[in-house]
Amino acid sequence: ETGVTQTPRHLVMGMTNKKSLKCEQHLGHNAMYWYKQSAKKPLELMFVYNFKEQTENNSVPSRFSPECPNSSHLFLHLHTLQPEDSALYLCASSQDLPGNNQPQHFGDGTRLSIL
Amino acid sequence: DQQVKQNSPSLSVQEGRISILNCDYTNSMFDYFLWYKKYPAEGPTFLISISSIKDKNEDGRFTVFLNKSAKHLSLHIVPSQPGDSAVYFCAALGLRGSNSGYALNFGKGTSLLVTP
């Protein structure tokens with residue numbers, strides 16, 4: 001079983017739909033992240049959670065709404081998305097916040113397509 | 001403005017030879033650097049890291065070199081194997097801003113192809 005699991009792997013949705021991405025980590029980590037990877041762009045940090053509390057919101061539009069019910073689970077709720085939101089969404093976790101020089105462990109991502 | 005740059009989008013190397021992947025950064029405050037490897041349809045996998053207090057870190061076939069004065073790091077793979085064919089991302093850890101925490105800043109990646 002992989003350390004960080006993301007579901008679904010692929011998602012196609014219309015601009016008026018509401019859907020959620022799920023991430024679960026089995027590593028006992030305290031920090032979790034959402035990243036966006038668009039074509040030909042580097043990974044962009046979206047949100048950071050530490051011990052269930054949001055510590056970073058990297059100017060992400062409100063149509064993306066994260067939720068972290070516990071240290072092992074992270075959700076990204078999507079509503080009224082735009083075509084430019086089509087991308088690979090990656091979840092990651094680390095033992096503590098990045099300042100402690102620890103690698104982040106990534107899930108396999110959700111490939112999101114907005115019609 | 002992109003703070004971590006991987007200027008070679010792709011690299012092709014023969015099996016058994018050395019692969020050298022390069023990465024440049026602009027922020028002198030970065031103090032921890034990582035390389036990730038990504039296969040298609042999978043997430044990035046941590047490969048090797050180096051702290052700014054070192055100039056070299058080795059793990060098996062993988063060695064990362066850091067040149068702080070040049071703000072440059074490189075990943076050497078020796079000998080290269082076909083299974084090493086993947087996209088390699090360079091990342092640097094630094095503060096996002098005066099009121100923000102630390103974050104990883106990623107390059108766009110270099111696609112390595114190791115041919116038999």
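Any read-out appearing in this document is the output of simple, stated calculations on the displayed coordinates, not a laboratory observation. All values derive from a computational prediction rather than experimental measurement. Cβ sites come from the backbone with ideal geometry, for glycine too, and all protein chains shown count toward neighbours.
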**Item:** Rounded FRET efficiency, nearest 0.05, which uses the C-beta distance separating A:ASN100 from B:ASN67 and R0 of 30 Å
**Value:** 0.80
**Request:** Calculate the dipole size of chain B relative to its Cα centre from +1 charges on Lys and Arg beta carbons and -1 charges on Asp and Glu beta carbons; express the result in debye to the nearest 20.
**Result:** 140 debye
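Computed FRET efficiency, Cβ-Cβ of A:THR16 and B:ALA41, R0 22 Å: what is it to the nearest 0.05? All intermediate terms of the calculation are to be shown ahead of the outcome.
Values: r = 28 Å, r/R0 = 1.29.
It comes to 0.20.
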**Message:** What's the ranking of A:97-106, A:62-71 by average number of surrounding C-beta atoms within 10 Å, highest first?
**Reply:** A:97-106, A:62-71
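Determine the shielding of peptide A:34-46 by partner chains: average, over its residues, the number of Cβ atoms on other chains within 10 angstrom of each Cβ. Before the final figure, lay out the partial values.
Working: counts 0, 5, 0, 7, 0, 0, 3, 4, 14, 11, 2, 6, 0.
For this peptide, the per-residue mean of nearby foreign Cβ atoms is 4.
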**Prompt:** When Cβ neighbours within 10 Å are restricted to other protein chains, what is their mean count per residue of peptide A:98-111?
**Reply:** 6
**Request:** Specify which residue in the list A:SER62, A:LEU11, A:GLN104 is farthest towards the positive end of the charge dipole of chain A, using unit charges on the beta carbon of Lys, Arg (+1) and Asp, Glu (-1), about the Cα centre.
**Result:** A:LEU11
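Stokes-Einstein diffusion coefficient for the stretch B:57-116 at 25 °C in a medium of 0.890 mPa s, Rh from the Kirkwood formula over Cα pairs: what value in µm²/s? Don't skip to the end; give the middle numbers.
Numbers: Rh = 13.6 Å.
It comes out at roughly 181 µm²/s.
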**Debye intensity ratio I(q)/I(0), log10, chain B, q values 0.11, 0.12, 0.22 Å⁻¹ (C-alpha model)** = -0.34, -0.40, -1.25
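To the nearest 20 debye, what is the magnitude of the charge dipole of the protein assembly as shown about its Cα centre, counting +1 on the Cβ of each Lys and Arg and -1 on the Cβ of each Asp and Glu?
Using only the charged Cβ atoms, the result is roughly 400 debye.
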**Prompt:** Within 10 Å of each Cβ of B:43-50, how many other protein chain Cβ atoms are there on average?
**Reply:** 5
**Asked** Looking at this model, which pairs from B:LYS38/B:LYS71; A:LYS22/B:LYS68; A:LYS22/B:LYS38; A:LYS22/B:LYS71 are more than 28 angstrom apart at the alpha-carbon?
**Response** A:LYS22/B:LYS68; A:LYS22/B:LYS71
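Using Cα pairs closer than 8 Å and at least 6 residues apart in sequence, work out the relative contact order for chain B, in percent. Before the final figure, lay out each step's value.
Details: 285 pairs, mean separation 41.5, N = 116.
Relative contact order of chain B: 36 percent.
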**Prompt:** Which ³J(HN,Hα) values, rounded to whole Hz and listed in residue order, are derived for the stretch B:62-76 from phi using the Karplus coefficients 6.51, -1.76 and 1.60 in 6.51 cos²θ - 1.76 cosθ + 1.60 with θ = phi - 60°, glycine and proline given as x?
**Reply:** 10, 9, 10, 10, 10, 10, 5, 5, 8, 6, 9, 9, 9, 10, 10
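What fraction, in whole percent, of alpha-carbon pairs in chain A exceed 23 Å separation? Mind showing how you got there, number by number?
On the way: 1446 of 6555 pairs.
Cα-Cα pairs in chain A separated by more than 23 Å: 22 percent.
If I take R0 = 35 Å and measure r between the Cβ atoms of B:SER51 and A:ASN70 in this structure, what FRET efficiency does the formula 1/(1 + (r/R0)^6) give, to the nearest 0.05? If you can, show how the numbers build up before the last one.
Values: r = 31 Å, r/R0 = 0.89.
The computed FRET efficiency comes out at 0.65.
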**Prompt:** For the pair B:SER28 and B:LEU113, how long in nm is the line joining their label points, each one 7 Å along Cα→Cβ?
**Reply:** 4.0 nm
